[in-house]
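Read the structure below first, then the notes.
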Amino acid sequence: MRILVINAGSSSVKFSVFDMTTGEQCFKSEIERVSSLEDALATIPKELEKKGQGEVDAVGHRVAHGGSLFSNATLISRDVIDDIEACVPLAPLHNPPALAGIRVAQKAWPDAPQVAVFDTAFHQTIPDFAYTYAVPEEWRKVGLRRYGFHGTSHCYIMQRVAEELKTPGEKLRIISCHLGNGASVCAIRNSVSIDTSMGMTALEGLVMGTRSGDVDPGIFAYLNSKFGLSPQQVEDALYHKSGLAALSGLGNDMRDIEKKAAGGNKKANLAIEVYVYRIKKYIGAYTAAMDGVDVIAFTGGIGENSALIRSRVCAGLDFLGLDFDEDKNAKVKLTGYEAPQIQAASSKVRVLVTQTREQWMIAKDTESTTTLL
Ligand code: ADP
């Protein structure tokens, strides 16, 4: 079975073809959206045709927001499209490109089943006391609550950790740290998400490349009175002009920030301190939420590659029974899908580093959804 995975985002369109029998990724491409979304999407069938990859048995689409409507990958029908459209107000930048991708793929491959795989789905198991915001009921009725994102990645990490430790997910309390340009932490108990740091939108939680993560909502009125900023302007700045980039003044690339920090740059050092401290706070919180922790897993560009950030995050966590091994940590250099452990032999908490595989997970979800047909 050959599966095409389309990830149509707000700034780029990624697509890959997987052969599910061999597990091989036969093709992958990414189009930066310099042109219109329609133009970018229209190149998918053309490019696949040109490369002799045009025959596909099913298409999996990454959809950012499924609201409370979707807790699993779902075969796309007219009703499902209406439901994804109903979630557009929750993700105005992200769901419309996914819907456009679905339309293009339905036209190009009319006989192939299409599946929607939601970034929010894995978090639908979060209990009400953890997803409920303490706000007026009228607001909650229109969808204000925590949904969480990076669900496909956190779910993959849970499965990969269970496989690596040869222990069923049901027996593990995992804190999954996805540290990329976007970043989130997820508490996984009994192999399901019980809490995560992103909220109704992908703005809450950790400090990210250009996103602030947690801030006091009181800043909206204050910034309006100080600078006359509208809520939209504040939100835009919290998405695009904050985070590591704002703190360091060096842009959002952690490699540059680490280099300057090592040379004594104060802003770069503070950026790293704020970044690390926020992750540590979430690890503490999620350890309490799960009555303990068995595994901390690092993934995403920073989690996979930055020995410094992993070391700083794990420093001082001995009280949890975490005995970190600096040498093992420094030697990590991922080349494939291995998942090295970087704790000392005496450690009660295991610490794993591994690459996330969101496209592959979407292909797997698409396969299992379509083989039920
Ligand atoms: P996205 O969320 O866009 O998929 P990635 O998961 O690729 O992003 O992560 C991008 C981040 O990873 C960037 O901040 C980049 O600086 C960081 N990164 C990549 N390699 C390293 C490295 N060797 N050391 C520190 N940070 C790294």
Top-ranked residue in the stretch 271-282 [being among the hydroxyl-bearing types (Ser, Thr, Tyr) and touching a residue at least 12 places away in the same chain (Cβ under 8 Å); ranked as farthest from the ligand (Cβ to nearest atom)]: 282
Report, ordered by the first and then the second residue, all pairs with beta carbons closer than 6 Å, sequence separation of six or more or different chains, a first member in the stretch 289-311 that is among the basic types (Lys, Arg), and a second member that is within 16 Å of the ligand (Cβ to nearest atom) and at pLDDT 95 or above. 310/298; 310/329
Hey, can you tell me all the residues within the stretch 231-244 that are within 16 Å of the ligand (Cβ to nearest atom) and in contact with a helix residue (DSSP H, G or I) (Cβ under 9 Å, 6 or more places away or on another chain)? 243, 244
Being free of Cβ contacts under 8 Å to residues at least 40 places away in the same chain and within 14 Å of the ligand (Cβ to nearest atom) is the filter here, so list the residues in the stretch 256-270 that pass it. 256, 257, 259, 260, 261, 262, 268
Where residue 339 falls short, out of the listed (1) within 16 Å of the ligand (Cβ to nearest atom); (2) within 21 Å of the chain's Cα centre (by Cα): (1)
Suppose we filter the stretch 1-22 for residues that are part of a loop (DSSP other than H, G, I, E, B) and either modelled with pLDDT under 95 or loosely packed, with under 14 Cβ neighbours inside 10 Å (or both); how many remain? 6
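One line per residue, one yes/no per condition, for (1) crowded, with 21+ Cβ neighbours inside 10 Å; (2) over 20 Å from the mean Cα position of the chain (by Cα); (3) closer than 18 Å to residue 17 by Cα:
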position	(1), (2), (3)
37	no, yes, no
43	no, yes, yes
60	yes, no, yes
82	no, yes, no
104	yes, yes, yes
114	yes, yes, yes
121	yes, no, no
Where the second residue is in a helix (DSSP H, G or I) and away from the ligand (no atom under 14 Å from the Cβ) and the first is touching a residue at least 40 places away in the same chain (Cβ under 8 Å) and closer than 23 Å to residue 179 by Cβ and lies in the stretch 222-250, which pairs have Cβ atoms under 8 Å and are six or more apart or on separate chains? 247/267; 247/270; 247/274
Take the residues in the stretch 182-230 that are among the polar types (S, T, N, Q) and away from the ligand (no atom under 16 Å from the Cβ); name whichever of them is surrounded by the most Cβ atoms within 10 Å (Cβ to Cβ). 193
Report the residue count in the stretch 114-156 for those that are aliphatic (A, V, I, L, M), in contact with a helix residue (DSSP H, G or I) (Cβ under 9 Å, 6 or more places away or on another chain) and in contact (Cβ under 8 Å) with a residue 40 or more places away in the chain. 5
Any residue at all in the stretch 184-197 that's farther than 19 Å from residue 296 by Cβ and under 17 Å from the mean Cα position of the chain (by Cα)? no
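The values are calculated or read from the model by the stated rules, or taken from the named source; none is laboratory data. None of these values were measured; they are calculated from a predicted model. When we count neighbours, we look across all protein chains shown, and the Cβ atoms used for this are built from the backbone with ideal geometry, even at glycine.
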